[in-house]
Amino acid sequence: MGNQGGFRLRQEVRGSVRRAGSAVSADECDDVALLRAVARGDEESLAVLYDRHAGWLTIRLTRRCANPDVVDHAVQDTFLAVWREAGSYRGGGDVAAFIWGIGVRRLIDAIRKENGARRRPLDGLTCAEAAVLLGVAEGTVKSRCHRARAALRTALADPLGTPDGMPPRREAWGTP
C-alpha cells in the first residue's frame, strides 16, 4: 500500500505502539486500544491493525469477488476508512467486526465502480453485487436469473396461467 491520506501502512511494523504516553509492545496491545490510538492519529497503531487484519480480510473478500485488483482496492479503502472512522467506534463489539463491516461495504462500492454501466438484473444490482449480498457464487446468481426469466416467459406465454384462471387483460400487457 502506498502513501494514502497522509499516512503509510507498513506490513513490517514491529516495535512500539504509543498508548497514553508509554511504549507498549504491539503484541501486548489489544485491538480496542490500537483503534483508540488510531483515533488519536497514531499511524503505527494503524499499521499494526493492518498487519493483524489485512490477511483475513483479503481472504474473506476474495471469497466474494474473484478479481484481485478489486479486492486489493477494497482492502486499501477499508484501512483508509478505519483511519478516518476510528473515532466512531463505540467499543460495543469486536474490532474485527468493525473492520469487516467497513470492508464489505468498500468491496460493494469497488464492484459497483468496476462494473459501472453493466446490466443490473436484480433490483438495480449486478450479478456480482447480488452474489456478494446473497453470499453465493456469481454463477449461482446468473443461473437463478436465467431460470427466473424462463419461468416468466412461460407464465407470460400461457394466458390462462393467471391466478384467477382468466386471461390477463390487455392493459396489463402494456399494449393498446
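The values are calculated or read from the model by the stated rules, or taken from the named source; none is laboratory data. As the structure is a computational prediction, the values presented were derived from the model and not from experiment. We place every Cβ from the backbone using ideal geometry, glycine too, and count neighbours over all the protein chains shown.
Would you mention how many residues in the range 92-118 are in a helix (DSSP H, G or I) and either out of contact with any helix residue (DSSP H, G or I) (no Cβ under 9 Å at 6 or more places or on another chain) or more than 27 Å from residue 140 (Cα to Cα) (or both)?
6
Given the options 33, 54, 86, 81, name the one that is more than 28 Å from residue 135 (Cα to Cα) and small (Gly, Ala, Ser). Steps first, answer last, please.
Working: 54 fails: more than 28 Å from residue 135 (Cα to Cα); 86 fails: more than 28 Å from residue 135 (Cα to Cα); 81 fails: more than 28 Å from residue 135 (Cα to Cα).
Unique residue meeting the criteria: 33.
Could you list, in sequence order, the residues of the range 61-91 that are in contact (Cβ under 8 Å) with a residue 60 or more places away in the chain and in a loop (DSSP other than H, G, I, E, B)?
If the condition is that a residue be in contact (Cβ under 8 Å) with a residue 60 or more places away in the chain and in a loop (DSSP other than H, G, I, E, B), then 64, 65, 66 are the ones that fit.
Specify which of the listed residues (129, 138) is within 30 Å of residue 35 (Cα to Cα), at pLDDT 80 or above and of a type outside the set (Ser, Thr, Tyr).
Residue meeting the stated conditions: 129.
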